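Here the structure is laid out as structure tokens; the discussion comes afterwards.
The values are calculated or read from the model by the stated rules, or taken from the named source; none is laboratory data. What you see is a predicted model; the values in this text were computed from it and never measured. Don't worry about glycine lacking a Cβ; one is built from the backbone with ideal geometry, like all the others, and counts go over all protein chains shown.
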Amino acid sequence: MTAGKSLWKDTNLLIVFGVTLVAVMGVASISPAFPKIQRELGITPNQVGLLITFFTLPGALLTPVVGVMADRYGRKKILVPSLFLFAIAGTACTFIKDFDLLLWMRAVQGIGAAALGSINSTIIGDLYEDKRRVQAMGLNASVLSVGVASYPSIGGAMALVGWNYPFLLSALALPIGIFALILLKNPEPKSTQTIKQYLSGTWSHLRNMKIAGLFSAGMLSFIIMYGAYLTYFTILMGEKFNASSLTIGIIMSVASLSNAVTASQLGRIHRWLSLTTILKISFTVTALSMLLIPFINNLWFLLIPTIFSGIANGVTLPSIQTSVAEIAPLEYRGAIMSLNNMMLRLGQTLGPPVIGIAYVYGGINATFFAAAGISVMVPIIAIIYGMIRKT
């Protein structure tokens, strides 16, 4: 376990931060180039969206598999080849002019990306314990938020030079892979179990009600984020306030900033509050933020729920990841963390259609009431579960 020195001076954690920045690069950096890609390749808006689908689908299918492989063969043996594959396939996209071939190369890059989002948090769980684990997870979530906020601007600037230039960012995964190969010193699981024994042990931990609750909380948080916030909140700003894309971008970036700042302070917050209490508060704050949105009649007053929603989201994901890592033993942590990541992806996928049901039957305001209802379910269920355990 890594202990003693400052987390910012820990080479292992800095490499994990690099992996995190690569993990969120694949979509955020190229989406600003979509209009130009559409014009240059002569494709429709639906077709250009396939550049995301072909990239994310392998991750949705392979995440549990790479988690098992990381437990069976070691984290680095999966992480390093994944980074190299991401870099090579992503950079190759720069030189492809045929759209069908570009889609398949994006799928290959997506195979490389499949391991990154779960192995980075798994390695943090392996490296640290207790308060340092909480602090490291928070800092990693902060780095993720900075990446998500920064890549659209970087990719957009590169797209001004050429539609294919944003794909060159993928090459950054190559030096990170080399650093991981040479410098990453992380504990590796040493299992002599048969695959049957391993799967049986993994299943016994997945039956833990707390893990089931954490998986559900993560999925629900992403349903709210990708359904109500990233989809219908932007529609509300455009329809109700006639906000420009620039204005919408500014308001959304404030959420990313508050998210990053709060996530970086999770270690300090945890000195005063347990992770369970932090999650109860964060979902309650999210519910109140969603409830407030329909009643605001001034565009810039939307910054109030935006900031509070960002604060809540800043502690939600790292608190869930830390809690799951604490429950999962080293030899099963890769699989369990990858399944948690799969549940997040499921929430990401379900968010727009689930919240969209409220939109169909109740209009734009109903989407935020529905999101508030979903959000408040988490602390209520947690309180009831706690009362049952005490009886």
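Assorted remarks:
- Residue within the stretch 82-90 that is more than 21 Å from the chain's Cα centre (by Cα), hydroxyl-bearing (Ser, Thr, Tyr) and assigned by TED's automatic domain parsing to the domain that holds residue 175 present: no
- Residues of the stretch 70-108 that are part of a helix (DSSP H, G or I), farther than 30 Å from residue 188 by Cβ and not polar (S, T, N, Q): 92, 93, 95, 99, 100, 101, 102, 103, 104, 105, 106.
- Against the list (1) of a type outside the set (A, V, I, L, M, F, W, C); (2) more than 20 Å from the chain's Cα centre (by Cα); (3) closer than 19 Å to residue 230 by Cβ, the condition residue 9 fails is (3).
- Residue that is of a type in the set (D, E, K, R) and touching a His at 6+ places or on another chain (Cβ under 9 Å), where the choices are 196, 210, 131: 131
- Members of the stretch 316-344 that are more than 19 Å from residue 200 (Cα to Cα) and surrounded by fewer than 18 Cβ atoms within 10 Å (Cβ to Cβ): 326
- With respect to the conditions (1) within 24 Å of residue 355 (Cβ to Cβ); (2) of a type outside the set (A, V, I, L, M, F, W, C); (3) assigned to a helix (DSSP H, G or I), residue 297 lacks only one, and its number is (3).
- Taking the stretch 1-59 as the region of interest, the helices (runs of 4 or more DSSP H) fully inside it that hold 3 or more residues being modelled with pLDDT of 85 or more and closer than 21 Å to residue 188 by Cα are 11-23.
- Top-ranked residue of the stretch 233-267 - restricted to ones that are hydroxyl-bearing (Ser, Thr, Tyr) and modelled with pLDDT under 85, ranked as nearest to residue 285 (Cα to Cα): 256
- Restricting the stretch 252-275 to residues that are over 20 Å from the mean Cα position of the chain (by Cα) and part of a helix (DSSP H, G or I), the residue that is nearest to residue 325 (Cα to Cα) is 270.
- Summed over the stretch 314-346, residues that are closer than 22 Å to residue 188 by Cα and basic (Lys, Arg) total 1.
- From 212, 180, 149, residue being part of a helix (DSSP H, G or I) and at pLDDT 90 or above: 180
- Filter result for residue 122 (outside the structural domain of residue 264 (by TED's automatic domain parsing) and farther than 29 Å from residue 196 by Cα): no
- Failed item in (1) buried (at least 16 other Cβ atoms within 10 Å of the Cβ); (2) of a type outside the set (S, T, N, Q); (3) not assigned by TED's automatic domain parsing to the domain that holds residue 347, with residue 182 passing the rest: (1)
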